Structures are given as structure tokens and as C-alpha cells.
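Each value in this text was obtained by applying a stated rule to the coordinates, not by laboratory testing. No experiment lies behind these values; they were computed from the predicted model shown. Counting neighbours? That spans all protein chains shown, and the Cβs are built from the backbone with ideal geometry, glycine included.
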Amino acid sequence: MVWLILALLLWGIIHSLLASLKAKELVLRWAGAGVLRFYRLFYNAFAILSFVPILVIVALTKSATLYTVPFPWSYLMILGEFLAIIVLGLGLLQTDPWEFIGLSQLGNASKQARLNTAGLYRYVRHPLYVAGLVFIWLVPHMTVTLCVFNIALTIYIIIGAFFEERKLRYEFGQEYIDYAAATPMLIPFTKRKKLPALHN
């Protein structure tokens, strides 16, 4: 269990540092715009590959069962996970998947980013995070190890959302401030203020 916590902590720190604006500024200063266009792709590849060992630790660590949800409620939870995957896919499509992966930047490093406030982003500012949280917590069979993993990942996602908010305010300025004032961060339908002008 200690190894899992340490691995998650290390992954979270490195992942956050690489996602920061300062990291991108350092790459731009040291290597130039030509290398910076590969940054998003490298960042995603590194994040995925470095997360695999953590999943292996979770899979191989034996621990006690906290609960097992019986039929038919377990099937409803699995259905919820399936819907979360669909939402995740829709969110990626609405985000511009090629830009999200980092492939668009390879052809056009100077491409101007646009604030997406349509589709799922009309209801929450971070639909991908919401879908991910729903997926991990709707597991019908919960062990101590998996619970620790889920708690750590939830904390990281929430903290990461606040850091991302700071970057988005820096990038889009008043446009994002207005959007954030009208749209909930993670829980839909918790704000009533209308967004004056949506940008697709």
C-alpha cells in the first residue's frame, strides 16, 4: 500500500510540473518553438506510460474487500460506467481530439486555441474529469487498495482542475472568467447565472 501511495504521489508531482506554464516556457526558451510543438504529444505519452506501473501495482496488490454491490444494482453501476465512457468520448470529440492528443500542434505550432463552451462544456467546465470520477467510483467490487487509489486519484483530479483553471484564466482572460461564473466546475446545474455569449 505504501508503494502505491508513493507512486501516485510521484506521478502526480511530475505530471503537474510538466503541465505547468513554466515547464512550457522553459522548453520554449531552451529548445525553441520547433521542439515545443512536440510537447503536448510527449506529455500525453509520458503521462500514460508512467501511469501503467501504478495500475500494475493496483492489480497485483492483494487487499480486503470493502464491499460488493449485489445484482441488480451492480449492473446499474456498470451501466453508469459505460455511460461515463460515452461521455468521455463525446468530451474528447468536442475538445478537438487531435489537439488534445498533440497531433494538431505538429503541423501548426502557432494555432490559436479557442475556448470551448458548447456541448458538454455548457454544463460543466471539466466534463472529462467528471466522466473519469464517475467511472472509477462506480466499480461494484471495491477493495481497500482500489479505494485508496480512487481517493488519491480524486484528490489529484480536483487539485489538477484548479491548476488548469489558473492556466485557462491566464490564456483566455475575461472570456474564461465569464464562462466560469456561469458554468459549474464539476457538478452540473449548480449555477443559475446565464452565460452571455457562448463560443463554439
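What percent does the relative contact order of the range 1-160 come to when contacts are Cα pairs within less than 8 Å and at least six residues apart?
About 36 percent, as a whole number.
Run the simple label-point estimate for Glu175 and Val56 please: 7 Å along Cα→C-beta, distance reported in nm.
Going by the 7 Å Cα→Cβ label model, 4.3 nm.
Kirkwood hydrodynamic radius for the range 26-182: how many Å is it when counted over pairs of different Cα atoms?
Kirkwood hydrodynamic radius for the range 26-182: 18.1 Å.
Under 5 Å between amide hydrogens, which residues at least 5 positions from Thr117 or on another chain qualify, with H placed 1.01 Å from N in the peptide plane?
His199
Can you tell me how much longer the chain between Phe38 and Ser63 gets when fully stretched, taken as 0.36 nm per residue apart minus their C-alpha distance, in nm with one decimal?
Contour length minus the Cα-Cα distance gives 5.0 nm.
Using the Karplus curve 6.51 cos²θ - 1.76 cosθ + 1.60 with θ = phi - 60°, work out ³J(HN,Hα) for each residue of the range 121-127 in order, rounded to whole Hz, and write x for Gly and Pro.
Each residue's phi maps through the Karplus curve to give 6, 6, 9, 9, 6, 9, x Hz.
What is the ratio of the Cα radius of gyration of the range 54-122 to 2.2 N^0.38 Å, with N the residue count, to two decimals?
This ratio for the range 54-122 stands at 1.71.
Once you have the Kirkwood Rh of the range 1-48 from its Cα pairs, apply Stokes-Einstein at 10 °C and 1.306 mPa s and quote D in µm²/s.
Result for D is 135 µm²/s.
Over its Cα atoms, what ratio of radius of gyration to 2.2 N^0.38 Å does the range 17-101 give?
Its radius of gyration relative to the 2.2 N^0.38 Å reference: 1.61.
Sort Arg169, Arg114, Arg40 so the one with the fewest other Cβ atoms within 10 Å of its own Cβ comes first.
Arg114, Arg169, Arg40
Among the aspartates and glutamates, which fall within straight-line cross-link reach of Lys22, defined as a Cα-Cα distance under 17 Å, with same-chain neighbours fewer than 8 residues apart omitted?
Leaving aside aspartates and glutamates fewer than 8 places away in the same chain, those within reach of Lys22 are Glu164, Glu165, Glu171.
Along Cα→Cβ, 7 Å out, is where each label goes; now give me the distance between the ones at Ile13 and Phe46 in nm to one decimal.
Result: 1.5 nm between the two label points.
Based on the Cβ-Cβ distance of Lys191 and Ile85, what FRET efficiency does E = 1/(1 + (r/R0)^6) give at R0 = 35 Å, to the nearest 0.05?
The computed FRET efficiency comes out at 0.85.
In whole Hz and in residue order, list the ³J(HN,Hα) couplings for the range 65-71 that follow from phi through the Karplus curve 6.51 cos²θ - 1.76 cosθ + 1.60, θ = phi - 60°; x for Gly and Pro.
7, 7, 6, 10, 6, x, 5
Calculate how steeply helix 39-60 sits against the longest principal axis of the alpha-carbon atoms of the chain, using the helix alpha-carbon long axis, and give the answer as 0 to 90 degrees to the nearest 10.
The two axes meet at around 10 degrees.
What are the residues whose amide H is under 5 Å from the amide H of Thr143, where those residues sit 5 or more places off or on another chain and H is modelled from the backbone?
Result for Thr143 returns Leu66.
Once fully extended, how much extra length lies between Ile78 and Glu165, figured as 0.36 nm per residue of separation less the alpha-carbon to alpha-carbon distance?
Separation in residues times 0.36 nm, less the Cα-Cα distance, equals 28.2 nm.
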